[in-house]
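This report concerns only the one structure given below.
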Amino acid sequence: MSDIKAVVRIEHPDIVLTKTVTHDQSAKVKSVLEAGTDPTSGKFFYRIQSSDFRQFEDGLRKDHTIGEFERVIETRDEKAIYSFTYTDESKIISPIISTANGVILDMKNDGNSWVLTVWMPDRTNLATLWDYAEQNGIDIGLLRVNEYASLGSTDAGLTDSQREALLVALDTGYFEDPRNATLSEVATNLDISQPAASGLLRRGIKRLIISSLMDDSEKPD
């Protein structure tokens, strides 16, 4: 049976950063999926766009789901990368998806709700996410679901090296939240340098997103 790609909208005040984006309604938040997070640090990275970062950070200070935060990089076009630590009060969806053997391909806010694009090995694996949402009072809706050929059998524009790096990272727990493997450990398993492993994962994830999320007319040459 083919794997699936599902686009899901979820909403709950305890999902990380929800109170912040409600406070700063200009904010656009997107997870940095390729960030080499050290699982022992508890830091998670997001790309932020905001017309007023002071407003955004004021929201962070009032957000019960966020512990510490740091503006890591800022550009001139109202964009920045932040690192966050979560509090015990926060609801985190990515471990639930990992439990169902899924991978988050994309995550971004839509107002104070969150839109996740996830890969699952089978449509029935979505039940894990729905069960968690029901048990925790999370509003959840399925926007669309498509058959999606397996990472192991599709090229999706991937090179052999990119496919191998993604599968090794998946198998070692690199995509889990918090991560069970560091980028260095993935690189060791691949017998390549850490920068090379980072590049393969970053380009591989980009190719998967282009292949699965963009229409043919939108895809770059």
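The values are calculated or read from the model by the stated rules, or taken from the named source; none is laboratory data. As the structure is a prediction and not an experimental result, all values here were calculated from the model. Because the Cβ atoms are built from the backbone with ideal geometry, glycine has one as well, and the counts that use them run over all protein chains shown. Please note that ligands, DNA and RNA were not included when accessible areas were found on the heavy atoms of the full protein model with its side chains. Shrake-Rupley method; radii C 1.70, N 1.55, O 1.52, S 1.80 Å.
Please state which of the following conditions ALA181 fails to meet, knowing it meets all the rest: (1) open to solvent by less than 40 Å² (accessible area, probe 1.4 Å); (2) part of a helix (DSSP H, G or I); (3) under 18 Å from PRO95 (Cα atoms); (4) of a type in the set (A, V, I, L, M, F, W, C). (2) is the only condition that ALA181 fails. Within the stretch 64-71, the presence of a residue that is assigned to a loop (DSSP other than H, G, I, E, B), at pLDDT below 90, in the same structural domain as VAL8 (by the TED database) and of a type in the set (Val, Ile, Thr) is excluded.
For the stretch 106-149, give me each residue that is in a strand (DSSP E or B) and more than 30 Å from GLN25 (Cα to Cα). Scanning the stretch 106-149 gives MET120, ASN146, GLU147, TYR148.
Within the stretch 89-105, being of a type in the set (Ser, Thr, Tyr) and within 14 Å of ASN125 (Cβ to Cβ) holds for SER98, THR99.
For the stretch 24-42, the criterion of a residue being at pLDDT 95 or above and either over 24 Å from LEU143 (Cα atoms) or not assigned by the TED database to the domain that holds LEU143 (or both) is satisfied by at least one position.
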